[in-house]
Amino acid sequence: AAAATLGMLPLGKTQSPESLLDIAARKVAEKWPFQRVEERFERIPEPVQRRIVYWSFPRSEREICMYSSFNTGAEDPAAAPGGA
């Protein structure tokens, strides 16, 4: 009970702190699209690029479904006048 109160993990269970690279990459990905980061900075080390891209993708299933939907509000293009 004391360990839980102090926020400590049980013996034998360890948790690594988040790396500074991951914290910084996550904060960048939350604020700016990767394209803007690429345009703004001349040289970005590859490991940094990879972490920014990793954190740029949504984490929850709901967000993934929302962003993967390509519905533009238009009906079936073949059914529209002048459609295929």
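The values are calculated or read from the model by the stated rules, or taken from the named source; none is laboratory data. Fair warning: this is a prediction, and the values are worked out from it, not measured in the lab. Neighbour counts are summed over all protein chains in view; Cβ atoms, including those assigned to glycine, are modelled from backbone coordinates with ideal geometry. Surface areas here come from the heavy atoms of the whole protein model, side chains and all, with no ligands, DNA or RNA. Shrake-Rupley method; radii C 1.70, N 1.55, O 1.52, S 1.80 Å.
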**OP:** Could you pull out the residue among Glu18, Glu61, Glu30, Glu46 that is charged (D, E, K, R) and at pLDDT below 90?
**Re:** Glu61
Original post:
Restricting attention to region 19-70, and to residues there that are in a helix (DSSP H, G or I) and among the hydroxyl-bearing types (Ser, Thr, Tyr), which single residue is nearest to the chain's Cα centre (by Cα)?
Top reply: Ser56
Subject >> Any pair with Cβ under 7 angstrom, 6 or more apart, that starts in region 7-32 at a residue that is open to solvent by 100 Å² or more (accessible area, probe 1.4 Å) and ends at one that is β-branched (Val, Ile, Thr) and modelled with pLDDT of 95 or more >> reply: none
